[in-house]
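Engineer: Quick one: the structure is below, questions incoming.
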Amino acid sequence: MRFPRGLTIALAAALVATALTVAPTGAAPPSSSTTAGKVILAGQTSLQPIDLSAEVRPGRDDISDGTTSVHPGERARTNRGLDDSGASGSSSANGPSTVGSAARPAGASLLEGWEGLNHFDQRFGSSDGNDAFSLEPPDQALCVGNGFVFESVNDVVAVYDKNGNLLSQPKSMNDFYGLAPAINRTTGAFGPFLFDPTCHYDPAVNRWFHVIINLESLANGTLTGVSDIDLAVSATGNPLGVWNIYHIPGQNDGTEGTPDHNCGGGPCFPDYPHIGADKHGFYIAINEFDFFGPDYQGVDLYGLSKSQLAAGAAAVNMSLTFIDDSEEAFTVWPAISPGANQFETHNGGTEYFLSSTAAFSEDGSSEKIFTWALTNTKSLDSSPALQLKKAMVPVDEYVIPDNATQRSGPTPLRECINDTSLVIPGLGVGCWRLFFAPQDQPAHNEIIPALDASAASGMQQVTFAGGKLYGALSTAVSGPNRAGIAWYSVSPTINHLGVLSAGLVAEGLVAASGANNVIYPALAVRANGKGAMAFTLVGPDHFPSAAYVTFGGNATGAIQVAAAGLGPDDGFTGYAAFVGDQTRPRWGDYSAAAFDGNTIWFATEYIAQTCTLGEWLNTNFRCGDTRTALANWSTRVFQIAP
């Protein structure tokens, strides 16, 4: 089974690992192994306050990153998710009654919002200027605290105040981590390629945490198989100040002190990082694949001493738990709590996780999710000795949804590929010649693409608050074939024998009316049970829009629009001319939520611009600096008072 995805570099890093096998307690212990060691401080970085005074990476057949990039005239390979032959269930989920069935204008709970980072910022607007590739999707990272809003996407970062004013010049992730540019357009040399950012502000230690995956590349663009999980931790509570950088080797093939997970072809491939925190630890969960092969191997759970990271220690205690139970462990998402008093302190400190299982079924459906726990997390501060436990939770059926249709509108990139009549000076007849050599003339039959609606119905952002776990995932819903969202509230318990059990407190379904879709949720709930969930609303009645529902009393309100989309998604990953038979219109693989006192901030992908083919051509493809030649995605940042 293949869940393709990936690309990046590895820097100097040290991981001193010793074999330490832990036998978890519980009725059905997961198949896992644990190693302990240290991760070494590698350097520092900072974001600079604003000074008021090759288009894309070549694709490869074996790229397995959820971040697709292409070079004009070449066919890129799209990425993460099940094999094209994998399940993409078209049957309907027999879940709870649908709520939020109609979109309406935003209500009083929407406090603030603005357009965040967009594709123009990613490609041209960062401090590197012209040293970036065009990337899809803008995998979303958002963290908020101390009056700052920190947003990161593939592959740029910026800091705002709470009114949406930029406080730092957008900066490329390569620059932020002190790496060579993704592409040096003067020399043509490739640098590290970074993807899948995620971040968290932890009020308990007053620090900002940022994680991204990084694969090593030769100057000619060849990937070496060496990888890092890059971690930046602020030295203070101000994200505009100094950050300490740590590099965790991710190839897990026995090199650089890593354990050998026996991935096919040698090195393993770390993918799709998710982060969480409890009182004692900071956690990174990774889906692991063969780097040079087709297979999925399992999940890596990294636990690091939060206090040592907050102190900027030169060597930080780390525990790596590998779950090779690949039929039940996929996208095992760690929990984040809304405040320091919400951490689970029993059993020596406990970090909880949720995961789903539809990715492994024959028909793309499932009626169970899993709760996981790492206990004895206090040991991260001294001698790591964590124990892993799991418990199955029966739920109503959920199904991997098909792609989400879009409302029709101007799509200049698509129209250009299809055009055979415009005269392009110096090139000939046909707009398509702007991108392709005559011998590579594409078929001129591109249609407005349907958006990727689900990462194999993987669990999305998880909250632990008031003793309960909350999570959500994409699912097919009844009626017209469309994507909806299933959400869950779970109560975990570990008894005196150390056995984990988890009871389903509530579950529900969010779906839009008609043939419209809601995709890629982020659910965040406070200790009082009130919260909200953000997602993209898209369908025949809606251009891709930023939307949300409020949550309370184990129920959700009606769908509300935080920012209406202005046109269809018109990115290169939706067109066979660029990606061949692997057409999969890339969308943000997750929205993001961040707690800030009694409010919750969200960021999600939407389309904030529209322009005609003529406007696109006459503005050097920029349409007033709202898009680029190859993509027009944007993000919306907004605040909710649930």
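Since every read-out is calculated from the coordinates, none of them should be taken as a lab result. Values in this document were obtained by computation on a predicted structure and should not be read as measured data. Backbone-built Cβ (ideal geometry, glycine too); neighbour counts: all protein chains shown.
Engineer: Size of the dipole of the chain about the Cα centre, Lys and Arg at +1 and Asp and Glu at -1 on the beta carbon, nothing else charged, in debye to 20? Please report the intermediate quantities before stating the final value.
Structural biologist: Values: 32 positive and 61 negative charges, 267 e Å.
So the dipole magnitude of the chain works out to roughly 1280 debye.
Engineer: Taking the radius of gyration and the Kirkwood hydrodynamic radius from Cα positions alone, what is the Rg/Rh ratio for region 455-604, to two decimal places?
Structural biologist: On the way: Rg = 17.0 Å, Rh = 16.5 Å.
Rg/Rh for region 455-604 comes to 1.03.
Engineer: At q = 0.07, 0.10 Å⁻¹, what is the base-10 log of I(q)/I(0) for the chain according to the Debye formula with one equal point scatterer per Cα and no solvent? Please give it to two decimals.
Structural biologist: These q points yield log10 I(q)/I(0) values of -0.38, -0.81.
Engineer: Just from its helices, what would the mean residue ellipticity at 222 nm be for the chain, if runs of 4 or more DSSP H residues each count -39500 (n - 2.57) and the sum is divided by every residue, rounded to the nearest 500 deg cm²/dmol? Intermediate values should be presented prior to the final figure.
Structural biologist: Numbers: 5 runs with 26 residues, N = 642.
Helix contribution divided over all residues of the chain: -1000 deg cm²/dmol.
Engineer: So for region 528-630, what are the equivalent ellipsoid semi-axes in whole Å, largest first, each being the square root of 5 times an eigenvalue of the Cα gyration tensor? Working shown, then result.
Structural biologist: Working: eigenvalues 208, 48, 31 Å².
Over the Cα atoms of region 528-630, the semi-axes work out to 32, 16, 12 Å.
Engineer: Further question on the same structure: If you take all C-alpha pairs in region 266-351, what percent of them are over 19 Å apart?
Structural biologist: Values: 1656 of 3655 pairs.
Counting pairs separated by more than 19 Å, the tail of P(r) holds 45 percent.
Engineer: So what's the convex hull volume per residue for the Cα atoms of region 233-388, in Å³?
Structural biologist: Working: hull volume 21.2 nm³, N = 156.
For region 233-388, the hull spanned by Cα atoms encloses 136 Å³ per residue.
Engineer: Let me ask something additional. Report, in debye and to the nearest 20, how large the dipole of region 132-175 comes out about its Cα centre when Lys and Arg carry +1 and Asp and Glu carry -1 on their Cβ.
Structural biologist: Rounded to the nearest 20 debye, it is 180 debye.
Engineer: How big is the convex hull of the Cα atoms of region 421-468, per residue, in Å³? Spell out each step's value before the answer.
Structural biologist: Values: hull volume 8.2 nm³, N = 48.
Spread over its residues, the Cα hull of region 421-468 gives 171 Å³ apiece.
Engineer: Principal axes first, then extents: for the Cα atoms of region 497-564, list largest minus smallest coordinate on each axis, whole Å, largest first.
Structural biologist: The Cα atoms of region 497-564 stretch 53, 22, 16 Å along their principal axes.
Engineer: Normalise the Cα radius of gyration of region 446-518 by 2.2 N^0.38 Å (N = residues in it) and let me know the number. Write down the numbers at each step before the final one.
Structural biologist: Values: Rg = 16.3 Å, N = 73, 2.2 N^0.38 = 11.2 Å.
Normalised Rg, Cα atoms only: 1.45.
Engineer: How much net charge surrounds Pro585 when only other residues with a Cβ under 10 Å from its Cβ are counted (Lys, Arg +1; Asp, Glu -1)? Could the numbers behind the result be given before it?
Structural biologist: Working: positive: Arg584, Arg586; negative: Glu136, Asp452, Asp569, Asp570.
Once all neighbours under 10 Å are counted, the net charge is -2.
Engineer: For the chain, what number of Lys pairs, 8 or more residues apart or on separate chains, have alpha-carbon atoms under 19 Å from each other?
Structural biologist: 14
Engineer: Next up: How large is the Kirkwood hydrodynamic radius of region 190-304, in angstrom, based on all distinct alpha carbon pairs? Each step should come with its number before you reach the end.
Structural biologist: On the way: mean 1/r = 0.0671 Å⁻¹.
Evaluated over region 190-304, this radius sits at 14.9 Å.
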